[in-house]
1. Looking only at the stretch 2-21, count how many residues are exposed (fewer than 14 other Cβ atoms within 10 Å of the Cβ) and more than 12 Å from residue 107 (Cα to Cα).
2. State whether the residues of the stretch 10-27 include one that is free of Cβ contacts under 8 Å to residues at least 40 places away in the same chain and touching an Asp or Glu at 6+ places or on another chain (Cβ under 9 Å).
3. Would you mention how many residues in the stretch 59-72 are without any contact (Cβ under 8 Å) to a residue 60 or more places away in the chain and either touching a strand residue (DSSP E or B) at 6+ places or on another chain (Cβ under 6 Å) or surrounded by fewer than 12 Cβ atoms within 10 Å (Cβ to Cβ) (or both)?
4. Within the stretch 78-95, track down each residue that is under 26 Å from residue 11 (Cβ atoms), in contact with a strand residue (DSSP E or B) (Cβ under 9 Å, 6 or more places away or on another chain) and of a type outside the set (Asp, Glu).
5. Just checking, does the stretch 106-116 include any residue being surrounded by fewer than 20 Cβ atoms within 10 Å (Cβ to Cβ), out of contact with any helix residue (DSSP H, G or I) (no Cβ under 8 Å at 6 or more places or on another chain) and basic (Lys, Arg)?
6. State which residue is modelled with the highest pLDDT when the search covers only the stretch 42-54 and only residues that are surrounded by 16 or more Cβ atoms within 10 Å (Cβ to Cβ) and among the aliphatic types (A, V, I, L, M).
Amino acid sequence: MEIQSTEELLQGCCRPCEGQTALYSAEQALAQLAHVEDWYLVCDGQRIRRDYTAKNFLAGLAFFDRVARLAEIENHHPDLHLEGYRNLSLELWTHTIGGLSVNDFILAAKINGLEKPTGVVVE
């Protein structure tokens, strides 16, 4: 599997996989992570995650709304976590293949490109 640059990921579109999409190996996932700043591997390398801290509860929800709108456009949906009213996390993985696909890195790059609402900072 070819590792894509940030620019290539941003130009890509998430595609339905129906279980046919190639699964990233741990080595490929680590190499691809170099092109999606602030994301890291979790769940034994089967998912990628990014953490944020919001100024308050509403700022966190506003950011989740922006992410949700992008996810709908891409038809690829992250797991959204809100803990302690202002600690946000996003997790991406391709459910149908039980691990990471190019769709996860495309969406991660596009999430990184979102302008964050006032009050949300990368932790």
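The values are calculated or read from the model by the stated rules, or taken from the named source; none is laboratory data. Since this is a predicted model, take the numbers as computed values, not measurements. When we count neighbours, we look across all protein chains shown, and the Cβ atoms used for this are built from the backbone with ideal geometry, even at glycine.
1. Going through the stretch 2-21 one residue at a time, the tally reaches 7.
2. There is at least one residue in the stretch 10-27 that is free of Cβ contacts under 8 Å to residues at least 40 places away in the same chain and touching an Asp or Glu at 6+ places or on another chain (Cβ under 9 Å).
3. 5
4. 78, 80, 90, 92, 93, listed by residue number.
5. Within the stretch 106-116, not a single residue is surrounded by fewer than 20 Cβ atoms within 10 Å (Cβ to Cβ), out of contact with any helix residue (DSSP H, G or I) (no Cβ under 8 Å at 6 or more places or on another chain) and basic (Lys, Arg).
6. 48
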